[in-house]
Amino acid sequence: MTYSPTRRGLTAGAAALPAGFFIKTAQADTSAQSTFERISKNKQLRMAVVSGSPPYFKKDLASGEWAGAAVEMAKSIAAIWSAEVVYVESTFGNSVLDVQANKIDIAFALNPTPQRALSIGFTRPYIVAPFGCLARQGFEPKTWADLNKPDIRIVFDLGSLHETCARRFAPKAQLTGYKSIDECILALQAGRADAEVLAATIGLSTVGKNATLGPYHLLNTPTVSLPSCYGVQREPDTRFVEVVNAWIDFNRGIGTIREQMIAGLGLNGVTPDQVPGELSF
């Protein structure tokens, strides 16, 4: 997902974080070491954190501490090397650039588009999620055709797969992009939009946080389900991505990723019974 806001350092509140965890602005590592070698030596895994993006990332404004499914995944992956996690504030779109520039080691919750694959590598999928939308009161869309009308106003966060789906399946609608999901929600609440296209995980979290925005509408005809992967360096030494792929396969198999995702959704009040069966972890 691509935004163009100015990044802000997350040094404020760093002292309140658990010992051994850091927050920093993105700085390129120009060393010739591979990702595997650097983490093995420095015992640090640099990950992008994205504000206001449950279930993957949620920041405690009082303590400055980060929580969410992606944070728990990063801690578990870092533990393979007995490493610490370094948090680098970014956006979903800018995290692709940060991986490419070697400012971070791993970017979570990315859809592996062909365009992104020109720049970075991807792991195997850790989830496959369907897409749908939030809608204004009184509007009950069930298919993409319900959105694909000239009088329907659709919003999305710029550069995201939400934008891709909106433009692909509702090109006749009035399409407006905003820099963040929060801005899209404000537009919906203010009556400036009829629907906001969102992946199921994000849509469910949004409704869990603010029930007045619900329900979340899964859209079909067609059903759009896309994989989510981790973005990594494309480099000759493939050991890092091989280890992470092994972590994904193992933790999907034993149900850890499902537990982490449901717990991340729970941060915004989503209960396990509200998770649709079409959402594959």
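Worth pointing out:
- Alpha carbon Rg of region 92-158, scaled by the compact-globule rule 2.2 N^0.38 Å: 1.51
- Put simply, the Cα atoms of the chain extend 57, 39, 38 Å along their principal axes, the longest span coming first.
- Accessible area per residue, Å², the chain with all protein chains present, probe 1.4 Å: 43
- Taking each residue as 0.36 nm, the span from E259 to A101 lengthens on full extension beyond its C-alpha to C-alpha distance by 53.7 nm.
- In nm, spacing of pseudo-spin labels at R136 and S51 (7 Å Cα→C-beta vector): 2.9
- Of all DSSP beta bridges in the chain, antiparallel share, percent nearest 5: 50
- At q = 0.21, 0.22, 0.23 Å⁻¹ the log10 of I(q)/I(0) for region 31-127 amounts to -1.15, -1.25, -1.34, computed by Debye summation with a single uniform scatterer per C-alpha, solvent ignored.
- Segments 263-270, 191-198 sorted - mean Cβ within 10 Å per residue, highest first: 191-198, 263-270
- For region 121-266, taking the reciprocal of the average inverse distance between every pair of different Cα atoms yields a Kirkwood hydrodynamic radius of 16.4 Å.
- Among S76, L279, T123 - extreme Cα towards positive end, dipole of the chain, charges at beta-carbon: T123
- If you take the Cα centroid of region 86-119 and the Cα centroid of region 197-249, the two points sit 14 Å apart.
- Taking a straight line from the alpha carbon of K172, these aspartates and glutamates sit under 17 Å away, with near neighbours fewer than eight places off in the same chain left out: D146, D151, E163, D194, E196.
- Cα shape, region 180-234, gyration tensor, a/c 1.5 rule: prolate
- Neighbour net charge for G191 - beta-carbon separation under 10 angstrom, K R +1, D E -1: +2
The values are calculated or read from the model by the stated rules, or taken from the named source; none is laboratory data. For clarity, every value in this text was computed on a predicted model and none was experimentally measured. Because the Cβ atoms are built from the backbone with ideal geometry, glycine has one as well, and the counts that use them run over all protein chains shown. SASA here: full protein model, heavy atoms, side chains in, ligands and nucleic acids out. Shrake-Rupley method; radii C 1.70, N 1.55, O 1.52, S 1.80 Å.
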